[in-house]
């Protein structure tokens with residue numbers, strides 16, 4: 001693989017702003033499980049090996065099972081995820097693949113019956129943040145740690 005500009009170093013102010021957004025999400029009301037599922041699912045959809053490596057290790061460290069991580073790509077086919085988690089995963093897909101229509105009215109209504117305004121907004125912001133990190137890592141050809 002070719003070496004590319006390290007955007008995180010050349011654009012330090014933007015990187016600091018990204019870290020500030022990430023810090024906001026880490027301090028939000030979102031449960032650790034919800035945050036890690038969002039990071040992993042968006043990174044799967046975007047094909048970000050760097051972020052998948054990082055966040056799968058983090059998820060295990062925070063108590064997530066290897067089985068749930070491995071089966072995350074097939075979350076619709078298993079009962080391993082709670083109803084809340086299933087809605088979060090569906091929102092993650094809708095926002096990450098926004099060009100396919102975004103969050104439908106039906107999904108929004110289901111989400112709002114489960115999550116209050118703040119929690120719903122924090123879910124969307126967490127998805128936006130990881131999608132931004134994915135795009136930076138993929139554009140920079142960042143590689144997983146060995």
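Only one of 35, 39 is in a helix (DSSP H, G or I) and within 20 Å of residue 140 (Cα to Cα); which? Walk me through how you get there before you give the answer.
Values: 35 fails: within 20 Å of residue 140 (Cα to Cα).
One residue alone meets the criteria, 39.
Residue 54 is checked against (1) touching a helix residue (DSSP H, G or I) at 6+ places or on another chain (Cβ under 8 Å); (2) touching a residue at least 40 places away in the same chain (Cβ under 8 Å); (3) farther than 27 Å from residue 109 by Cβ and fails just one. What number does that condition carry?
Unmet for residue 54, out of (1) touching a helix residue (DSSP H, G or I) at 6+ places or on another chain (Cβ under 8 Å); (2) touching a residue at least 40 places away in the same chain (Cβ under 8 Å); (3) farther than 27 Å from residue 109 by Cβ: (1).
One residue is enough: does region 37-47 have a residue meeting the conditions in contact (Cβ under 8 Å) with a residue 60 or more places away in the chain, under 18 Å from the mean Cα position of the chain (by Cα) and farther than 26 Å from residue 116 by Cα?
In the first step, residues of region 37-47 are kept if they are in contact (Cβ under 8 Å) with a residue 60 or more places away in the chain; the result is 38-39, 42-43, 46-47.
Now drop any that are not under 18 Å from the mean Cα position of the chain (by Cα), which leaves 38-39, 42-43, 46-47.
When the remaining residues are screened for being farther than 26 Å from residue 116 by Cα, the result is 46-47.
Yes: one or more hits.
Can you pull out the residues in region 1-10 that are surrounded by 10 or more Cβ atoms within 10 Å (Cβ to Cβ) and either at pLDDT 95 or above or within 23 Å of residue 39 (Cα to Cα) (or both)?
Answer for region 1-10, where residues must be surrounded by 10 or more Cβ atoms within 10 Å (Cβ to Cβ) and either at pLDDT 95 or above or within 23 Å of residue 39 (Cα to Cα) (or both): 6, 7, 8.
Consider only pairs whose beta carbons are under 7 Å apart and that are at least six residues apart or on different chains; among these, list those whose first residue lies in region 1-18 and is more than 22 Å from residue 49 (Cα to Cα) and whose second residue is surrounded by 11 or more Cβ atoms within 10 Å (Cβ to Cβ) and at pLDDT 85 or above.
Listed by first residue and then by second, the contacts come to nothing, as the list is empty.
Scan the helices (runs of 4 or more DSSP H) fully inside region 63-136 and keep the ones with 1 or more residues being within 17 Å of residue 32 (Cβ to Cβ), at pLDDT 95 or above and over 15 Å from the mean Cα position of the chain (by Cα). Don't jump to the end; show me each part of the working.
On the way: elements: 66-70, 83-96, 105-114.
In region 63-136, the matching helices (runs of 4 or more DSSP H) lie at 66-70, 83-96.
Given the residues 127, 103, 98, 123, which is the only one that is under 28 Å from residue 4 (Cα atoms) and crowded, with 16+ Cβ neighbours inside 10 Å? Can you show your working first?
Working: 103 fails: under 28 Å from residue 4 (Cα atoms); 98 fails: crowded, with 16+ Cβ neighbours inside 10 Å; 123 fails: under 28 Å from residue 4 (Cα atoms).
It is 127.
The values are calculated or read from the model by the stated rules, or taken from the named source; none is laboratory data. Being a predicted model, the structure only gives us computed values, none of them experimental. Positions of Cβ are generated from backbone atoms using ideal geometry, with glycine treated the same way; all protein chains shown enter the neighbour counts.
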